[in-house]
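A short write-up of the structure that comes next.
The values are calculated or read from the model by the stated rules, or taken from the named source; none is laboratory data. Given the structure is predicted, the values throughout are model-derived calculations rather than measurements. For neighbour counting, all protein chains shown are included, and Cβ atoms are generated from backbone atoms with ideal geometry for every residue, glycine included.
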Amino acid sequence: MPIILGIESTAHTFGVGVVKDGKILSNVKKSYTTESGGIIPMEAAKHHNEVKREVYSEALKDVGIKEDGIDAIAFSQGPGLAPCLLEGMKFAKELSNKLGKSIVPVNHCVAHLEIGKITKAKNPVMLYVSGANTQIIAYSSGKYRIFGETLDVGVGNFIDNFGRYAGIGFPAGPKIEELARNSNKYVELPYNVKGMDITLSGILTKLKNMIESKDYKIEDLAYSMQETVFAMLVETAERALAHTGKSELLLGGGVGCNKRLQEMCEIMCKERGAKFFCPPASLLVDNGAMIAYLGEIMFNAGIKEKDPDIMPRQRTDQVDVKWR
Ligand code: ATP
Ligand code: FE2
């Protein structure tokens, strides 16, 4: 059985994971965070460059192998922030040259999806909710098709922006979830669903104005934001289940860590007799293990590249799913 190393570096996180025969042997990461303000791509790339060797050594140590025990190196090719992607690719190429092993370029979004197989979901509709991405995806005829998506910002970036106006550092998601738990006072917000797509910038403007007016408690805004936006996500996911005739929902991406979102998905699935699957938080957020996991599947299908480049704007439905 080959041992596959995976490198993740699309945005805030530099991660290295090791996978063998579909089992995660290690999953180490270090993430760039800020006290206030959002992510600065060049700063995040600098962070990745500084921590890469430490993260790599730790990942190998966890498995108890030396680097010559690695059979292939997978890395996140895109989508993501170019300076961050470059750090990951440079490191993958350095290792590939040094060890004489193949490189497997992996699409980050598809990795978020494929890692869901670890939950035993077989043919799910996936609600993929991360920083830059918000998509409802399902497999059909050789591609992962996007059935619905945000027409403006990703839900994680939206939450982080809301947090920034409220003076919360990056990432804001976990803090907003905590604040929301301390309120049950709903204040009306716009509800923007268009078929299977959603928009978030109108809600963000409204929230920003409410914060500036100083008439609202941040807990109430956090609560109302979650109730509104998560209902929009669950509604579109349910519509995708109905349209595709599938009966499994899989959650993926960092926003999937949110317990209230998980609960709402669970309720919707129960009501329509579908099954709900959610990987552990360590595999929902950006991580190297999911890159190694999909890397292994692709490597076993004979997919590798001599000199791949980064693809900062690669879309989920551009990837030829040759391994299914
Ligand atoms: P992608 O490149 O796939 O778009 P990403 O690089 O933004 O992903 P992820 O780690 O998948 O990274 O997701 C990070 C996002 O998840 C951040 O916007 C963060 O605020 C959000 N998040 C994390 N935990 C929670 C939570 N408990 N509730 C809501 N949002 C959360
Ligand atoms: Fe991600």
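One table, with the values for the structure above:
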{"quantity": "Selection count, segment 105-143, where residues are more than 13 Å from ligand 2 (Cβ to nearest atom) and either within 11 Å of the chain's Cα centre (by Cα) or over 15 Å from residue 248 (Cα atoms) (or both)", "calculated": "5"}
{"quantity": "Single residue of 44, 11 found to be touching a Phe, Trp or Tyr at 6+ places or on another chain (Cβ under 7 Å) and either within 15 Å of ligand 2 (Cβ to nearest atom) or at positive phi (or both)", "calculated": "44"}
{"quantity": "Residue count, segment 144-188 (criterion: within 16 Å of ligand 2 (Cβ to nearest atom) and on the phi > 0 side of the Ramachandran plot)", "calculated": "0"}
{"quantity": "Those residues of segment 1-53 which are in a helix (DSSP H, G or I), buried (at least 18 other Cβ atoms within 10 Å of the Cβ) and within 15 Å of ligand 1 (Cβ to nearest atom), in sequence order", "calculated": "44, 45, 47, 48"}
{"quantity": "Set 295, 288: member being in contact with an Asp or Glu (Cβ under 8 Å, 6 or more places away or on another chain) and either in contact (Cβ under 8 Å) with a residue 60 or more places away in the chain or within 16 Å of ligand 1 (Cβ to nearest atom) (or both)", "calculated": "288"}
{"quantity": "Unique match (being part of a helix (DSSP H, G or I) and acidic (Asp, Glu)) among 286, 317, 307", "calculated": "317"}
{"quantity": "Selection within segment 289-302 - in a helix (DSSP H, G or I) and of a type outside the set (D, E, K, R)", "calculated": "289, 290, 291, 292, 293, 294, 295, 297, 298, 299, 300"}
{"quantity": "Single match in 148, 142 (criterion: in contact with an Asp or Glu (Cβ under 8 Å, 6 or more places away or on another chain), surrounded by fewer than 22 Cβ atoms within 10 Å (Cβ to Cβ) and assigned by TED's automatic domain parsing to the domain that holds residue 217)", "calculated": "142"}
